[in-house]
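Participant: First the structure, which I've put down as structure tokens, then a few questions once you've had a look.
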Protein chains: 2
Amino acid sequence: MAGQKVQRQTGVALWRQIADRIRTSINHGDFDETGMVPPETALALQFGVNRHTIRSALAALAQEGIVRAVQGRGTLIERKERLSFPISRRTRFSQGIGDQVRETRSVLLAASEEAASPDLARQLKISTGTRLVRLETLGQADHRPVSRATSWFPADRFGAIAEIYRTTGSITKAFRELGVPDYVRVVTEITATHADEGDLADLQLSPGAIVLVAQALNADLDNIPVQYSISRFAADRVRFTVEN
Amino acid sequence: MAGQKVQRQTGVALWRQIADRIRTSINHGDFDETGMVPPETALALQFGVNRHTIRSALAALAQEGIVRAVQGRGTLIERKERLSFPISRRTRFSQGIGDQVRETRSVLLAASEEAASPDLARQLKISTGTRLVRLETLGQADHRPVSRATSWFPADRFGAIAEIYRTTGSITKAFRELGVPDYVRVVTEITATHADEGDLADLQLSPGAIVLVAQALNADLDNIPVQYSISRFAADRVRFTVEN
DNA sequence: TATGGTTGTCTATATCAATAGACATTTTGA
DNA sequence: TCAAAATGTCTATTGATATAGACAACCATA
């Protein structure tokens, strides 16, 4: 926790930079011994800013429910975050993090049908214009949103997937009912960007947060693509783990 | 490119949010037909902000060398970025992106020796306090910095690795000279955060940029850990690809 | 119970971020 | 050659961000 400089005149307010750093420190376990954030005056000294700026940062974290200030005592840590999300040939949402939380759930936000764009067609190895089922889903762990995903499935094979998914809450089960006993992850692409409006709403993020974006292709056991998805994860809540 | 709302009073200035979005659009190829960014007035309408705010965003991108404004004509796209960085059992810096750029290079920034912290010891499966060689390196593609990394190696086996690396510029070759003919990636953890001071300097980033952080463990063919590294990539310049 | 350490609140001031409008300058093409 | 379209520059105003200082309120504990 040395070298705590913040940058000025960058378009990112100091209080937000500091809030992000403190959140990262909390998640890293830096304050586990006391269960408290250092005093505002100490943080102000550490970051080289006014105490009021620290208070703005802590207020943002309190708004997120991560800390709670108690007058006279200090600022208590309420909640730590960051799930480890494994990426492997058998990547599935619930299985990977099932042992890290009490309950995982997946919710269907919206379903529609559309024609494959050139980009989607290339990914799914079909011809442009082929009908696709599009699902918008939200992944939750212990009732807290972790990821939001858009998935596309060829409509000829999986036209009914929305209904089945809505009742079971599981892609794996839906595939099974539709004649795909098993499927594997072919490739995952990972990038990072700032949270957009939808991320803020669905993932309950604070503005300016970072999201990890995973674009994934799943195929059945005959290596025929069955699902292309773009998932957005709150970068503060997850880490990806690639086991080789 | 619809739904272009930006958030106010979030601690992230509008011009920075917009600069990030435009950069992403450029990298995505949205303006490839014209080779130009839309006119400032059009962007102002699209994002729902004043033209001056758009100008601030474009000025930031011009500062990065991504666009160049020409009075009377428009704003030209100078450079697109984003390398695909494969992560697999045989992940190496140069091999993966070698076919995407003309030249890859790796530069040694600093070398030192230190005792293993409890965390490092756990990762490398050694006892706390064991001597480690620590290397700070910078990965370049076509003379542009792509990643900065800190690596640790057990000093008993690899005490001379700094010298060999300095001359060869290759971890693979250095390992070979030190009796490790081959090595594999055991696990990679991927997170994302805001760029820190060192990122700004070494990776020539604009303040407020996002970095992808990859923590990786390499082992020799006897499955004995030989290297633990933390690499930081400019999120705008790379995407990770996990092939399964 | 007194004291030191901590968060809460208030006022004041300076700078950055954003909007608004007007007009100049340059390029392109009809 | 003129007009349209685009970037460049300037002034003015408002609200958010950040600093500075002072003091109140509260908690733990010696």
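Participant: Put one equal scatterer on each alpha carbon of region B:14-77, apply the Debye formula with no solvent term, and list log10 I(q)/I(0) at q = 0.22, 0.25 1/Å to two decimals.
Facilitator: Each listed q maps to, in turn, -0.86, -1.14.
Participant: Give me the residues in region B:179-217 whose solvent-accessible area, probe 1.4 Å, is reduced by at least 50 Å² once all protein chains are included instead of the chain isolated.
Facilitator: Residues shielded by partner chains are B:Glu189, B:Ile190, B:Thr191, B:Ala192, B:His194, B:Glu197, B:Ile210.
Participant: For region A:56-71, what does the Karplus curve 6.51 cos²θ - 1.76 cosθ + 1.60, with θ = phi - 60°, yield as ³J(HN,Hα) per residue in whole Hz, taken in order and with x for Gly and Pro?
Facilitator: Residue by residue, region A:56-71 yields 4, 5, 5, 5, 5, 5, 5, 4, 7, x, 8, 10, 9, 7, 10, 4 Hz.
Participant: Using only protein heavy atoms and a 1.4 angstrom probe, determine the accessible area buried between A and B, summed over both sides, in Å² to the nearest 100.
Facilitator: 3400
Participant: Which percent of the accessible area of region B:83-242 is formed by carbon and sulfur heavy atoms (probe 1.4 angstrom)?
Facilitator: Result for region B:83-242: 48 percent of the exposed heavy-atom area is carbon or sulfur.
Participant: If you don't mind, there's one more thing I want to ask. Just the number, please: carbon plus sulfur as a percent of the accessible area of region A:14-77, 1.4 Å probe, no ligands or DNA/RNA counted.
Facilitator: Carbon plus sulfur share of accessible area: 51 percent.
Participant: Please report how far the C-alpha centroid of region B:191-244 lies from that of region A:115-139, rounded to the nearest whole angstrom.
Facilitator: 31
Participant: Rounded to the nearest 5, what % of the DSSP beta bridges within the protein assembly as shown are antiparallel ones?
Facilitator: Percent antiparallel among DSSP bridges in the protein assembly as shown is about 90.
Participant: Hey, another quick one. With a 1.4 Å probe and all protein chains kept in place, how do A:Arg73, B:Arg105 rank by accessible area, largest first?
Facilitator: These residues rank, largest area first, as A:Arg73, B:Arg105.
Participant: Can I ask one more? Rg to Rh for the protein assembly as shown: what is it, with Cα atoms only and Rh by Kirkwood?
Facilitator: Checking Rg against Rh, the ratio lands at 0.96.
Participant: Before I look further, what does chain B give for accessible area per residue, probe 1.4 Å, in whole square angstrom?
Facilitator: 46
Participant: For chain A, how big is Rg over Rh, using alpha carbon atoms and the Kirkwood form of Rh?
Facilitator: Taking Rh as the inverse mean 1/r over Cα pairs, Rg/Rh reads 1.06.
Participant: With a point put 7 Å past each Cα toward its Cβ, work out how far B:Gln63 is from A:Asp32 in nm, to one decimal.
Facilitator: So the label points at B:Gln63 and A:Asp32 sit 3.9 nm apart.
Participant: Can you give the accessible area of B:Thr41, probe radius 1.4 Å, in Å² rounded to 10?
Facilitator: 90
Participant: Quick one: go through region B:213-244 and flag any residue whose amide nitrogen is under 12 Å from the point 7 Å out along the Cα-to-Cβ line of B:Val184.
Facilitator: B:219-224
Participant: If you don't mind, there's one more thing I want to ask. Which value in nm describes the separation of the simple spin-label points at A:Thr130 and A:Ala42, placed 7 Å from the Cα toward the beta carbon?
Facilitator: My value for the distance between the label points is 5.9 nm.
The values are calculated or read from the model by the stated rules, or taken from the named source; none is laboratory data. Remember, it's a predicted structure, so these values are computed and weren't measured experimentally. Counting neighbours? That spans all protein chains shown, and the Cβs are built from the backbone with ideal geometry, glycine included. These accessible areas exclude ligands, DNA and RNA; they are computed on the full protein's heavy atoms, side chains included. Shrake-Rupley method; radii C 1.70, N 1.55, O 1.52, S 1.80 Å.
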